[in-house]
Structures are given as structure tokens and as C-alpha cells.
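Engineer: The structure is given below, and queries will be raised subsequently.
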Amino acid sequence: MRYFNTEGRCRPEEHYMVPLDDRLDKIKRLYVDRKKYFVINRGRQYGKTTTLMALAEYLKNDYMVLFMDFQMMSSINFADEQTFTVKFAEYIEKLFSKKEQKDGIDLQALGELASLKEKQNISMDMLFARLSRICETCEKPIVLMIDEVDSASNNQVFIDFLAQLRGYYLNRENNPIFHSVILAGVYDVKNLKLKLRDDREHRYNSPWNIAADFDIDMSFSARQIASMLREYEADYHMGMDVEAAGNHIYQYTSGYPYLVSAICKIMDEKLPDKEAFADRKAIWTAKGIDEAVKILMDRQIPLFGSMMRHISEYPDLKKLLYAMLFLGEQAAYNPDNETIELAHMFGYVKNSVMGVQVANRIFEMRLYNLFLSEEELSSAMSRAAKHDRNQFVSGGRLDMYRVLEKFVEHFHDIYGENDEKFLEEFL
């Protein structure tokens, strides 16, 4: 039986998932068939890898598809130009070693690429000259897909790689190269904040300004969620109101792919054990969805972990989200505002007619709980600080004897043999 998946790529033969055919057809028609180079940058666990792999399968009759994952290349592979060139050539050679790929390729051109690893002083232009030869002689147009480009985006050699792609793209009539190139990651490769030179005015320079804007919505609509639930209903025949359930899940998630699957997974696997739900039909109702959301909110999932890390790393991002949730401040969407664009890129906010809003109710609740707990902790610390301060001031003067006495007391609490108090507070 299929199941709801939240761990990596979804496969239609194994998992319940939203049908992607309409999306894949649109990407093929509007981007790949038109020879576009583009970037799919979305937040964590937004279905990028699932979409790419499904697209590779969707395109295989018309194109030769090379699917690469930069996570499969260690950081040392990006250390310098020669190392990267050799490893990239080896990766391509391995992809073409599959029989279905090798059938349409010129073996002599492939051999010239493979011979790079035997040469000394290899450069990026040597790699692209051989890739050009492969693209020129291949029976089908070649589409290059690279997943997890974030793994390489902090390396100068990756910028050089993009520069070569750009050069060949602009002169494809004379120097054949990939028909289409698709990069996928969280960060927008078009706005790499790498210093190609030392002066600050060039810190936004990127050779990837040839990329087409990828504006296809990758979130799920209530109708699409219902279509997935309809497949589940067809297996279990419980009499679920799939439209109502799809709408209710959408109200919480706004179609964020991971959150949709996570709620459904909890309902399918966890709620049958709860006494409050007599059968599966009772689970797949508004009450069951609400209960699944409560369980999800108490979990430390990687998506929430990424959110906490990002608001810690980017203080202005935290201020923006705090002001929106706690102070009720409205911000107009402006792509030139670094903080707003960062929040949008991570998938934490969305643009609406009302301005910038938190992307979904689950993110709202998670962030609200965080800020509320910080406020409560801050108030408790403030009260404790005021209480302690009164101990050390006598007659308007600082009582140094009391300060030293309290220091010794705390020292023994922490480092003394009797640490029962410490254990009670911190275990």
C-alpha cells in the first residue's frame, strides 16, 4: 500500500502525492522547449527534488536528460578549477555510462571528455569545449539539471562554471551547448552575494543574469490536495469528504508541500491509535486535521529547525516577522528590500493584496509560540534581575560584601559537590 511521505523524494508508485502532470507540462512548454536556462529556488522541503526527478522522466522521450546532484560532490571537489573540472567530467561520464543514455551519444566525444582526468593543468574552458562536442553530436538535445546548487554557491569555482555556461549560452549558434539548464536550490543563484572582486559595489555581480524568471506556483491548491486524498479514499473506502478535508488542510498550510504531507501522514499513522477517533472516517474530518496540526506543532522537524536557524542568523528577518505577528505592522512587498526578499526566498512570507504576510497558519503559530516564550522568559529574567539588584544596594550604595558573598554562593552551586539544584533546573 502507498503511504504519505515526508522523507525526501516522492514517487507516485510508492506514495500518495499531488499529481504533477499539469506542472510538468507547463515547465516543458514554457521553459525547456524554449531553450531556457532557469533556477527553481524555493524554501526547504518544497518539492524541488521531486519535481526535478519527475520532470526528468517526463522529458526523456524528447530530450537526453542529465540529472546531477551537487550534494554527491564533496566540498573538496570545489576547491579549485582543476579539481572541479575532473570531478564534473567524471560525473557526466558516469551518467552516460547507463545504456539508455549511451545509445544516443557519440562515443568518441565522450571519450575525449573522459580523457580530461589524465591530463595536467586542466581548465574550465577545456571541460566546456568537450561538453560542446557532446551536445553537438548527441542525437537528442541535452537538458542539464543540477539539484542542490546551494552546496556549491559559496565557491568561486562555481561562479566560473556559471560564467562558462553564460558564454556558451550567448553563442549557442556557433558553440553548441546544453539545450536547457535547470538549477535547483533554496538560494536564488541569480543574486549570489559573492565578491567577485574586493570592492563592495560588485558584491551582487553574478554571471547568471541569462536565467529566465521561474514563476510557476509549486504550492498545492485545495483542489490538488483533494485529488491526492481522493486516491487515499479509493484505497480505504471510508466515505471521506475529500473536498472539505482538502480545504481544511489548505487553510493551515496554504499548500506548502511538506506541511500537507506531514499532516496527512500523522492522520494516517498516528491518529488511529487515539481513542478520540472511532474509525478512519472520523479521523479525516476537521477535528482530525486539527488534532494532527497540534501534534505537528509539538515536533522538532527539520523545516522548523531551519526556520529557527534562519531567524537566529538574520536578526532583521526576525524583527520583520516579530513586527508582523506581534505588532500588527504591514509591509508592502518590495523585491529590493533584502530582508523581505530573504523571507520570501526561504518561503516564510508570501505577497498578497494586503502586503507581505506570513506564508501559512502553521508558520504563524510556530513563530508566535517562539516569540511569546521569549517574551515570557524575558519578563521572568527581568523580575529576577530586579529582585537580585535590591539585594546588593543598601542605603543607595553598592554592598560589595554582599556581592562577594553571593558570588561565593553561586560558585558553590555550580562547581561544588552538591549540585542537586543545578540538576533540577537544567536536566
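Engineer: Taking the stated definitions as given, is Phe158 modelled with pLDDT of 90 or more, open to solvent by less than 10 Å² (accessible area, probe 1.4 Å) and closer than 16 Å to Lys87 by Cβ?
Structural biologist: Here the answer is no, as Phe158 does not meet what is asked.
Engineer: Across segment 356-372, what is the number of residues that are over 18 Å from Gly43 (Cβ atoms) and open to solvent by less than 10 Å² (accessible area, probe 1.4 Å)?
Structural biologist: Final tally of qualifying residues: 1.
Engineer: Just to verify a result, which residue in segment 1-60, among those that are charged (D, E, K, R) and within 17 Å of the chain's Cα centre (by Cα), is most open to solvent (accessible area, probe 1.4 Å)?
Structural biologist: Glu7
Engineer: For segment 220-232, give me the residue count where each residue is open to solvent by 10 Å² or more (accessible area, probe 1.4 Å) and either in contact (Cβ under 8 Å) with a residue 40 or more places away in the chain or among the aromatic types (Phe, Trp, Tyr) (or both).
Structural biologist: Going through segment 220-232 one residue at a time, the tally reaches 4.
Engineer: To continue, here is another question. Of the numbered conditions (1) open to solvent by 60 Å² or more (accessible area, probe 1.4 Å); (2) more than 25 Å from Arg44 (Cβ to Cβ); (3) outside any helix (DSSP H, G or I), Asp235 fails exactly one; give the number of that condition.
Structural biologist: Only one criterion in (1) open to solvent by 60 Å² or more (accessible area, probe 1.4 Å); (2) more than 25 Å from Arg44 (Cβ to Cβ); (3) outside any helix (DSSP H, G or I) is unmet by Asp235, namely (3).
Engineer: What's the number of the only condition in (1) outside any loop (DSSP other than H, G, I, E, B); (2) open to solvent by 10 Å² or more (accessible area, probe 1.4 Å) that Ile134 fails to meet?
Structural biologist: For Ile134, the exception is condition (2).
Engineer: Can you report the number of residues in segment 65-79 which are at pLDDT 90 or above and surrounded by fewer than 18 Cβ atoms within 10 Å (Cβ to Cβ)?
Structural biologist: Number satisfying all stated conditions: 2.
Engineer: Could you say whether any residue in segment 141-149 is in contact with a Lys or Arg (Cβ under 7 Å, 6 or more places away or on another chain) and outside any strand (DSSP E or B)?
Structural biologist: So far as segment 141-149 goes, no, none of its residues is in contact with a Lys or Arg (Cβ under 7 Å, 6 or more places away or on another chain) and outside any strand (DSSP E or B).
Engineer: Considering only segment 80-97, I want to know if a residue exists there that is surrounded by 15 or more Cβ atoms within 10 Å (Cβ to Cβ) and under 20 Å from the mean Cα position of the chain (by Cα).
Structural biologist: No, because not a single residue in segment 80-97 is surrounded by 15 or more Cβ atoms within 10 Å (Cβ to Cβ) and under 20 Å from the mean Cα position of the chain (by Cα).
Engineer: Suppose we keep only residues that are under 16 Å from Met354 (Cβ atoms) and in a loop (DSSP other than H, G, I, E, B) within segment 315-338. Which one would you say is least open to solvent (accessible area, probe 1.4 Å)?
Structural biologist: Ala331
Engineer: Let me ask another. Working only within segment 209-232, note down all residues that are closer than 18 Å to Thr50 by Cβ, part of a loop (DSSP other than H, G, I, E, B) and among the polar types (S, T, N, Q).
Structural biologist: Ser219, Ser221 - these are the residues of segment 209-232 that are closer than 18 Å to Thr50 by Cβ, part of a loop (DSSP other than H, G, I, E, B) and among the polar types (S, T, N, Q).
Engineer: Collect the residues in segment 137-155 that are open to solvent by 10 Å² or more (accessible area, probe 1.4 Å) and over 22 Å from Phe78 (Cβ atoms), keeping them in residue-number order.
Structural biologist: Across segment 137-155, the qualifying residues are Thr137, Cys138, Glu139, Lys140, Pro141.
The values are calculated or read from the model by the stated rules, or taken from the named source; none is laboratory data. Here the structure is a predicted model, which means the values were calculated and not measured. Because the Cβ atoms are built from the backbone with ideal geometry, glycine has one as well, and the counts that use them run over all protein chains shown. SASA here: full protein model, heavy atoms, side chains in, ligands and nucleic acids out. Shrake-Rupley method; radii C 1.70, N 1.55, O 1.52, S 1.80 Å.
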